[in-house]
1. Using a Cα-Cα cut-off of under 13 Å, which aspartates and glutamates could be cross-linked to residue 80, ignoring same-chain neighbours fewer than 8 residues away?
2. Count neighbours as other Cβ atoms within 10 Å of each site's Cβ, and list the GluC sites (Glu not before Pro) in region 19-89 that are DSSP loop with at most 10 such neighbours.
3. Using a 7 Å offset from the Cα along the Cα-to-Cβ direction at both residue 82 and residue 23, what is the distance between the two label points in nm, to one decimal?
4. Give, as a single signed number, the net charge of other residues whose beta carbon lies under 12 Å from the beta carbon of residue 34, with Lys and Arg counted +1 and Asp and Glu -1.
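What follows draws every value from the coordinates through simple rules; no lab data is involved. Values in this document were obtained by computation on a predicted structure and should not be read as measured data. All Cβ positions, even for glycine, are placed from backbone atoms using ideal geometry, and neighbour counts span all protein chains on display.
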Amino acid sequence: MYRARVVISILICYNGLDMVQVTRKDEREANENVIRRFNRKVLQSGVLSTAKASMRFQKPVSKTERRKKAILRKERKADKMAKMRLGVR
């Protein structure tokens, strides 16, 4: 049976942000491997998270409020990690 050489090239671009491109390494590489590499690159590039974030409206917040919220998040995370280390729920 004749098997055609297929080059898979997947390209994603969201509103001019990062591009993710995956091409098949050789003709024997399985489709699942190409898709797996593509999914990994999409996750690492952050294109998907920025696209999802832009779908939700956020009220404009001042810089000081954002900093205060970030400090609270870090403190809560540190407390949670400390409790996990101690074995306390």
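1. Partners found: none.
2. Sparse-neighbourhood loop GluC sites (Glu not before Pro): 27.
3. 5.3
4. The answer is +3.
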